[in-house]
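Have a look at the structure below, then the notes.
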Amino acid sequence: MYRLVRIIQRDTLNLLTNPMWIFFSLMFPLLLVAILGFLTEGLYGDYFTSYDYYGVTFMLFSAMYAATFSANSFMEEKIKQANLRIVYSPIRNWFIPFSKIVATFIFTTIFYTIAAVICHLLFHIRFGSENLLQIWLLFIGMNLLFSCIGVLMCCIFKSEGVANQILSILTAALAMLSGFIFPIANLGESFVKISRWLPTAKVAQAVFEMIYDQNTASFFPVFSLLLIGSILILGLSIILFRGEEYV
Amino acid sequence: MKSLIEVKNLAKSYKDKQVIHGISFAIYEGEILCLLGPNGASKSTTINILCGALGYDAGEVTCNGVPIDQNLQGFKQQLGVVPQDLALYEDLTAEKNVQFFASLYGLKGQELEAGVAFALTSVGLNEHRKEKVATFSGGMKRRLNIACAIAHRPALLIMDEPTVGIDPQSRNHILNAIKKMQLKGMTVLYTTHYMEEVEEISSRIIIMDHGRIIAEGTKEALKEKNDERKITIEISDSSEISADAFYQIEGVKEVSLNEDELMITSIKGIENLDHIIAKLIRLRQKIQNIVVQEANLETIFLDLTGRSLRD
């Protein structure tokens, strides 16, 4: 356990001391919300503003970018060599992907939470008051799921570059189909049907229900879905990971 | 001598290409075994298998008689690995790097501090322990790369070309450190391109090429097997002499003329230099320089593989 804790500490510190990633994790949601919120201001009402809409959807979209962070911390060239030395050491193989997921989860949870607070202060975005904890849990559930997906992609494609290319397409497609960029109803009935099946869309819907209807009925099933999905993907990553991918 | 590691009929393929062809060898306790070979000889693949980081298709690798797969973590605990590329965290200090990697071997508390001090002192970096790796020269990084592998005092230290691209001073530091570690009982498996390093530190040598072992033994034994010496004589005018004239001299195996140079390959142990010089004087040649080159590892390697080590 001591060795696992040491690896998680190191991986987390590697992320926390990377100014580029800190800047990106803070600025990415802020800029998206600011730009889209401003451009579409007239399309929304006074009670439910464009900032309220994009504040939620782009925080979820940013959470999907946890996949990029975990892929980078797993196989980014600068870190890969040091990771190779971890492969040579007497630790269990699963420590390596597990540690990257935990480290990314900690990093994204800290910085996306800070970004959400800044968004709230700057644009008065409503993230719910009575159900704030549940809403926050859904956001970090998304972080966890996508941290796992990033590592899984690296285990499958054995390259951070390829994994990130696929992840960019995947996150953009999921964001669009989940209605994160514009309401999905604009694309027609077929896309609405697809959207209903997407876990990312379910998270957004559950969050909006909790903020505006005080309806927490969807919280438990959606949160469970995120957790179960994360556990399955983590398990698959551990099965697929071979230390020799670093060699 | 007792063998620490035994490799029997080891074979490895990548997709359809076989890169290791059933090699067998042993690593004996307390020796420095040098693995020599040009690029593509499969030295690094062999080393990565011995580190437990790569799987293999056939054969067996045992440590103290126990197959390494049976207790891979226990086996890795006894290893120190110095990878070919620098495996360090640039943003951390030297001390923090060694501390982290040593902790993966279970070192903590005072044991960890003692291990870090031992490792940094061994490679001459103790004075720089609080400095960030990013500020280090290439040679210092190479030395730290070694320190990170020895803090837990491994029984077997595996080093994959640890002196690539560094200054002579750092190289000497590293070679001295390796010799000191051997004196303390550490066994070392060392791969390199540099013959002079092999000459200096090796207890035994294995020469590999295209995934096969083509020669094995001490450097003295390998040189003994090569019974040739090369004599190069700078003369005034080679156009006036014929190579055939020298074949009559006892021990001469091969003669070639190249502008103002006469090159003779002769059997070692037959003292014929005076006869060669006498012949040149009779042929009215002015001798400007003579170089006699005994067999060295470089020439042995060239003879065995037909290519130079740095090819």
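What follows draws every value from the coordinates through simple rules; no lab data is involved. This one's a predicted model, so the numbers in the text were calculated from it and none came from an experiment. Because the Cβ atoms are built from the backbone with ideal geometry, glycine has one as well, and the counts that use them run over all protein chains shown.
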So what is the relative contact order of segment B:188-291, in percent, for Cα pairs below 8 Å that sit 6 or more residues apart? 24 percent
Per-residue HN-Hα couplings for segment B:72-80, Karplus 6.51 cos²θ - 1.76 cosθ + 1.60 at θ = phi - 60°, whole Hz, x for Gly and Pro? 4, 5, x, 5, 4, 4, 8, 9, x
Just counting partner chain Cβ atoms within 10 Å, what average do the residues of peptide B:78-85 show around their Cβ? 3
Which Rg and Dmax, in Å, describe the Cα atoms of segment B:227-294? 10.7, 31
Report the convex hull volume per residue for the protein assembly as shown, counting only C-alpha atoms, in Å³. 212 Å³
Quick one: angle between helix B:109-122 and the longest Cα principal axis of chain B, in degrees between 0 and 90, rounded to 10, please. 20 degrees
Could you go through segment B:40-48 in sequence order and give the Karplus-derived ³J(HN,Hα) for each residue, using 6.51 cos²θ - 1.76 cosθ + 1.60 with θ = phi - 60°, rounded to whole Hz, and x for Gly and Pro? x, 7, 6, 5, 5, 4, 4, 5, 5
Sort B:Met195, A:Met153 so that the residue with the fewest other Cβ atoms within 10 Å of its own Cβ comes first and the one with the most comes last. B:Met195, A:Met153
Neighbouring partner chain Cβ atoms per residue of B:291-299, average, 10 Å criterion: 0
Amide H contacts under 5 Å for B:Leu4, restricted to residues at least 5 apart in sequence or on another chain and with H modeled in the peptide plane, are B:Ile27, B:Tyr28, B:Glu29
Cross-link reach list, aspartates and glutamates versus B:Lys8, counting only Cα pairs under 18 Å and skipping chain neighbours closer than eight places: B:Glu29, B:Asp57, B:Glu60, B:Asp69, B:Asp209, B:Glu216
Taking amide H atoms as placed 1.01 Å from N in the peptide plane, list the residues 5 or more away in sequence, or in a different chain, whose amide H sits under 5 Å from that of B:Ile207. B:Leu36, B:Ile214, B:Ala215, B:Glu216
Sort B:Glu240, B:Glu196 so the one with the fewest other Cβ atoms within 10 Å of its own Cβ comes first. B:Glu240, B:Glu196
How much net charge surrounds B:Leu88 when only the other residues with a Cβ under 13 Å from the Cβ of B:Leu88 are counted, with Lys and Arg +1 and Asp and Glu -1? +4
Calculate the dipole size of the protein assembly as shown relative to its Cα centre from +1 charges on Lys and Arg beta carbons and -1 charges on Asp and Glu beta carbons; express the result in debye to the nearest 20. 1400 debye
Taking a cut-off of 18 Å between Cα atoms, list the aspartates and glutamates near A:Lys78, but don't count ones fewer than 8 places away on the same chain. A:Asp11, A:Glu160, A:Glu244, A:Glu245, B:Asp85, B:Glu90, B:Asp91
Could you tell me whether segment A:157-247 comes out rounded, prolate or oblate from its Cα gyration tensor? Rule is a ≥ b ≥ c as square roots of the eigenvalues, rounded for a/c under 1.5, then prolate if a/b exceeds b/c, otherwise oblate. oblate
Rg followed by Dmax, in Å, when segment B:3-223 is reduced to its Cα trace: 17.0, 50
Sequence gap at least 6, Cα distance under 8 Å: using those rules, report the relative contact order of chain A to the nearest whole percent. 27 percent
Sequence-distant aspartates and glutamates (8 or more away, or on other chains) whose Cα lies within less than 17 Å of B:Lys108: B:Glu95
With +1 at each Lys and Arg Cβ and -1 at each Asp and Glu Cβ, the charge dipole magnitude of segment B:227-294 around its Cα centre, to the nearest 20 debye, comes out at 180 debye
Going from the fewest other Cβ atoms within 10 Å to the most, one would list B:Glu95, B:Glu111 as B:Glu111, B:Glu95
Other residues with Cβ under 15 Å from the Cβ of A:Val102 give, with Lys and Arg +1 and Asp and Glu -1, a net charge of +4
Computed for segment A:2-246: size of charge dipole around the Cα centre, +1 on C-beta of each Lys and Arg, -1 on C-beta of each Asp and Glu, debye to nearest 20, value 960 debye
Starting from the amide H of B:Tyr190, placed 1.01 Å from N in the peptide plane, find each other amide H under 5 Å away whose residue is 5 or more places distant or on another chain. B:Leu33, B:Cys34, B:Leu35, B:Met159
Roughly how many Å is it from the Cα centre of segment B:1-32 to that of segment B:239-311, as a whole number? 38 Å
Given Cβ charges of +1 for Lys and Arg and -1 for Asp and Glu, the option among A:Tyr112, A:Leu32, B:Gly30 whose Cα lies farthest towards the positive end of the dipole of the protein assembly as shown is A:Tyr112
Percent relative contact order of segment B:1-112, based on C-alpha pairs within less than 8 angstrom and at least six residues apart? 24 percent
Under 1.5 on a/c is rounded, so check that first for segment B:99-193, then, if it is not, pick prolate when a/b is larger than b/c and oblate when it is not; a ≥ b ≥ c are the square roots of the alpha carbon gyration tensor eigenvalues. oblate
Projected onto the charge dipole of the protein assembly as shown (unit charges on the beta-carbon of Lys, Arg, Asp and Glu, signs +1, +1, -1, -1), the Cα from A:Trp136, B:Ile201, B:Tyr190 with the largest positive-side position is that of A:Trp136
Between A:Lys78 and A:Leu133, with labels modelled 7 Å along Cα→Cβ, what's the label distance in nm to one decimal, could you check? 3.9 nm
Between B:Glu60 and B:Asn258, what length in nm is gained on full extension when 0.36 nm per residue of separation is reduced by their alpha carbon distance? 66.2 nm
In whole angstrom, the spacing between the Cα centers of segment B:163-209 and segment A:177-247 equals 55 Å
